[in-house]
Structures are given as C-alpha cells and as structure tokens.
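Colleague: Quick one: the structure is below, questions incoming.
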C-alpha cells in the first residue's frame, strides 16, 4: 500500500503532530493526497518550546489547522516516577487526551508518525499506540526514516534534515524522579548550546551535574568553545562532563 492509497481510503483524519521530521512529512502527504486533516500538538514539560514553534510554522506553511493541547504530564504518577516503562505510561496518557479532543471534533481516525525504521519491539510507547488504536501510515506503507528525509527534502519541507529529538525526560536517569526544575534546566542548557552552534547533542543529568554528549563531528567544537560552554552551563550544573565516546544518534 502507498501513502496515496492510504489517504484515498481515509479521506478524513487527525494527526498527532510532534513538530518532528516524520509527523511533518505525514501531514504533508495527507494534504497532498486530499485528506481533510487536522493536527494536534500536546505541550507538556517534556517538550521544549522550539518543538512547538516548529510545529506551528509547519502547520502554517501547509495551511493545516492545528490545536495545541496543554497538560501536566508530571501529574501522571508513573511518568513522574521515571521507571523503565515511563514511555508507555506517558504515551498512553497523552494519546488518551488527544483521542478525547479528536473525538469531540468529530474525527474517528487518529494517526502518528512512526516510520518503518522504528523498532516496535524496543519501544514501550508503541504498545500504548496499539492499545489505543492509533494508526501509523508511514510504518504500514513501509516508509523508512531515510525515505522520509529524502521525500521531505524533495517536497521542500524544512524539517527534512531536523535531528531526531527525544523528549526531555530522556535526559533524566531511569529511576530518578522527574521534576519540573530538572526539565527546565536541561532545556535551558540545551538552548544555550544550540545558540552556540551545536546540533544533534544531549545534556544528561548525572549525580555530579551533567554529561554532555555531542556527535564525533562536533567534538572539536566543544574544545574550541570549552570556556564558553563552561560559562553557559555553570548556572545550571555544578559540573559538566564531556562524554568522549560521542553521542549515539538513536537515543
């Protein structure tokens, strides 16, 4: 099945939109193939502000209506506790909330941007999507991450080369309770580094302070800007350690 065939058979749909590459391409495809589509973005403390801004920009460029749903994800005990299945409880809570809004708007089909490269066996959040009957057209049509980026570039979608961005909760060690304060300082620290020219990196909490992970290509930039990095992150952490192994792009 192709995406065109999917949307021809599903002429009206709601899309859970994250502002990332996959769901952006899914929205574009829905619009291109004549689907009456509406985007839904859930803003929690786990999503940095720039993701919402990207989502708003993309929805405006595609002329697709988007609703922003705000909720306190830390009010979900299992999400705040940050156990090994945090993602499942978080996804289940958020998509239950989206479904409530979607149904009140008259939609009966909810889609997400999971692609064919995503490993369903290693992602607790996908269990929640299956249980809540959220469909993933990119995965169903066999479209991989590489193809999403290629076709997004051809279509002129600005997110085509946007690095994957796992939610801020992934910066907190599993088992360590997540607080609004920790999420905020991680977000602010990463914002500072982005403004200094770093891309595709992570600032992760550790007992000593924070662990900075950058790609191998940007390792020289860390040493070049070492003093500036230390100065920028000092207000947030007592110490910042550099992970010399580099960052695994899949996490």
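The numbers here are math on the coordinates, done by the rules we state, and not lab data. Not measured: the values here are computed from a predicted model. Note: ideal-geometry Cβ built from the backbone for every residue, glycine included; neighbour counts use all protein chains shown.
Colleague: Return a whole-number percent for the relative contact order of segment 3-161, with Cα pairs under 8 Å and 6 or more residues apart as the contact set.
Modeller: 26
Colleague: Here's a follow-up. Run the quick spin-label model on residue 161 and residue 194: label points 7 Å from Cα toward the beta carbon, then report their separation in nm to one decimal.
Modeller: 1.7
Colleague: Multiply the residue separation of residue 104 and residue 239 by 0.36 nm, subtract the distance between their alpha-carbon atoms, and state the gained length in nm to one decimal.
Modeller: Value of the extension gain: 43.8 nm.
Colleague: Using bins 5 angstrom wide from zero, how does P(r) for segment 47-153 break down, in % of all Cα pairs?
Modeller: Percent of Cα pairs in each bin: 2, 10, 16, 20, 24, 18, 7, 2, 0.
Colleague: Something else now. If N is the number of residues in the chain, what value comes out of its Cα radius of gyration divided by 2.2 N^0.38 Å?
Modeller: 1.04
Colleague: Compute the Rg to Rh ratio over segment 179-242 from the alpha carbon atoms, using the Kirkwood formula for Rh, and round to two decimal places.
Modeller: 0.93
Colleague: While we're here: Considering Cα pairs under 8 angstrom that are at least six residues apart, work out the relative contact order of segment 154-251 and quote it in whole percent.
Modeller: With pairs under 8 Å counted, the relative contact order is 28 percent.
Colleague: If you build the convex hull over the alpha carbons only and average its shadow over all orientations, what do you get for segment 60-109? Give it in nm² to one decimal.
Modeller: About 4.6 nm², averaged over all directions.
Colleague: Hey, if you drop one equal point scatterer on each alpha-carbon of segment 1-66 and run the Debye formula without solvent, what base-10 log of I(q)/I(0) do you get at q = 0.16, 0.21, 0.27 Å⁻¹?
Modeller: Log-scaled intensity ratios, in q order: -0.49, -0.78, -1.15.
Colleague: Kindly work out what percent of the DSSP beta bridges joining two residues of the chain are antiparallel, to the nearest 5.
Modeller: 25
Colleague: Let me ask something else. When the helix-only estimate is applied to the chain (DSSP H runs of n ≥ 4, each -39,500 (n - 2.57), divided by the residue count), what is the mean residue ellipticity at 222 nm, nearest 500 deg cm²/dmol?
Modeller: -13000 deg cm²/dmol
Colleague: Here's something else I'd like to know. Cα centroid distance between segment 74-150 and segment 1-61, in Å?
Modeller: A separation of 13 Å, based on Cα centres.
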